[in-house]
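Q: Got a structure for you, questions after.
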Amino acid sequence: MEAVRPNNQVVNSAMFYGTMMGLFWILKFMLVPFIFTVPITSLIFLGLTVAVPFLGAYFVRQYRNRYCPNKRIGVMQAWIFCLLMYTFAALLVSVVHYIFFRYVDGGFMIATYRSLLDELQNTMPEMNEAVAQYHQAVDLVAAMTPIELTIQLIMNNIFYGMLLALPTALVVSLLLTSRK
């Protein structure tokens, strides 16, 4: 019978793979300012967003193959690993979010959203009610400080990570079993 890993191995591995995921998210976030001016970047951004759960599953499989006895991982351990990995990734990318909103953006994104909404309102007057609601949402975001925006994005990333963690854990632990 093989020895049980210490719990800090899960945390240490989640930190490592969370850093890799966070770097991926940072690269993805670097496309956001160009989405409005270079249309192809929105497709690239969407493709990279769709790739996140697959990259997460790959990282869980890497962890399983490297640290789990007989290359098997339980659903609970895979779930905890995923939760921690996405949390560490969210914390890393939040540093870039803060720097961007505090020092780089200068209101560019909000102004661009507003001009797009105004253009939509002028070209499609039948959507005035919907556009007015979007204007209210943009006004709420515009009223937030950079730290408030960053905290909101951390919470969003952790929430979406929680949503992705269970299916990823189930797939890796039950379906993607290692073949010897």
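Q: In the set 29, 16, 36, which member is surrounded by fewer than 18 Cβ atoms within 10 Å (Cβ to Cβ), of a type outside the set (Val, Ile, Thr) and out of contact with any helix residue (DSSP H, G or I) (no Cβ under 8 Å at 6 or more places or on another chain)?
A: Criteria check complete, one pass: 16.
Q: Can you go through 166, 91, 175, 84 and tell me which one is farther than 18 Å from residue 17 by Cα, out of contact with any strand residue (DSSP E or B) (no Cβ under 6 Å at 6 or more places or on another chain) and of a type outside the set (Ser, Thr, Tyr)?
A: Values: 166 fails: farther than 18 Å from residue 17 by Cα; 91 fails: farther than 18 Å from residue 17 by Cα; 84 fails: farther than 18 Å from residue 17 by Cα.
Among 166, 91, 175, 84, only 175 is farther than 18 Å from residue 17 by Cα, out of contact with any strand residue (DSSP E or B) (no Cβ under 6 Å at 6 or more places or on another chain) and of a type outside the set (Ser, Thr, Tyr).
Q: Can you tell me which residue within the stretch 153-168, out of those that are surrounded by fewer than 14 Cβ atoms within 10 Å (Cβ to Cβ) and under 12 Å from residue 97 (Cβ atoms), is farthest from the chain's Cα centre (by Cα)?
A: Taking the stretch 153-168 and keeping what is surrounded by fewer than 14 Cβ atoms within 10 Å (Cβ to Cβ), we get 155-156, 159, 163.
Still in the list and also under 12 Å from residue 97 (Cβ atoms): 155-156.
On the way: 155: 10, 156: 8 Å.
Step by step, filter the stretch 153-168, then rank; the result is 155.
Q: Let me ask something else. Given the condition of a type outside the set (Lys, Arg), without any contact (Cβ under 8 Å) to a residue 12 or more places away in the chain and farther than 30 Å from residue 77 by Cα, answer yes or no: does some residue in the stretch 145-158 qualify?
A: yes
Q: Counting only residues that are of a type in the set (D, E, K, R) and under 28 Å from residue 93 (Cβ atoms), how many does the stretch 125-154 have? If you could, list the steps in order and put the result at the bottom.
A: From the stretch 125-154, those of a type in the set (D, E, K, R) are 126, 129, 139, 148; that's our starting set.
Next cut, under 28 Å from residue 93 (Cβ atoms) only: 139, 148.
Counting residues in the stretch 125-154 that are of a type in the set (D, E, K, R) and under 28 Å from residue 93 (Cβ atoms) gives 2.
Q: Shifting gears a bit: From the list 92, 116, pick out the single residue that is touching a residue at least 24 places away in the same chain (Cβ under 8 Å), surrounded by 13 or more Cβ atoms within 10 Å (Cβ to Cβ) and within 18 Å of residue 25 (Cβ to Cβ).
A: That would be 92, the only listed residue that is touching a residue at least 24 places away in the same chain (Cβ under 8 Å), surrounded by 13 or more Cβ atoms within 10 Å (Cβ to Cβ) and within 18 Å of residue 25 (Cβ to Cβ).
Q: Looking at the stretch 69-82, which of its residues are surrounded by fewer than 20 Cβ atoms within 10 Å (Cβ to Cβ) and of a type in the set (A, V, I, L, M)?
A: 75, 76, 80
Q: Let me ask something else about it. Tell me which of these residue 98 doesn't satisfy, since it passes every other one: (1) touching a Lys or Arg at 6+ places or on another chain (Cβ under 7 Å); (2) surrounded by 13 or more Cβ atoms within 10 Å (Cβ to Cβ).
A: (1)
Q: So which residues in the stretch 39-67 are more than 28 Å from residue 103 (Cβ to Cβ), of a type in the set (Val, Ile, Thr) and surrounded by fewer than 16 Cβ atoms within 10 Å (Cβ to Cβ), if there are any at all?
A: 50, the sole residue that qualifies.
Q: Sort out which residues of the stretch 143-152 are loosely packed, with under 15 Cβ neighbours inside 10 Å and not β-branched (Val, Ile, Thr), and write them in order of number.
A: Residues of the stretch 143-152 that are loosely packed, with under 15 Cβ neighbours inside 10 Å, as a first pass: 143-145, 147-148, 152.
Those that are loosely packed, with under 15 Cβ neighbours inside 10 Å and not β-branched (Val, Ile, Thr): 143, 144, 148, 152.
Q: Could you please let me know if residue 47 is modelled with pLDDT of 95 or more, in a helix (DSSP H, G or I) and touching a helix residue (DSSP H, G or I) at 6+ places or on another chain (Cβ under 9 Å)?
A: Working: modelled with pLDDT of 95 or more: yes; in a helix (DSSP H, G or I): yes; touching a helix residue (DSSP H, G or I) at 6+ places or on another chain (Cβ under 9 Å): no.
No: the conditions fail for residue 47.
The values are calculated or read from the model by the stated rules, or taken from the named source; none is laboratory data. These numbers were taken from a predicted model, which means no experiment stands behind them. Here Cβ is always computed from backbone atoms with ideal geometry, including for glycine, and neighbour counts include all displayed protein chains.
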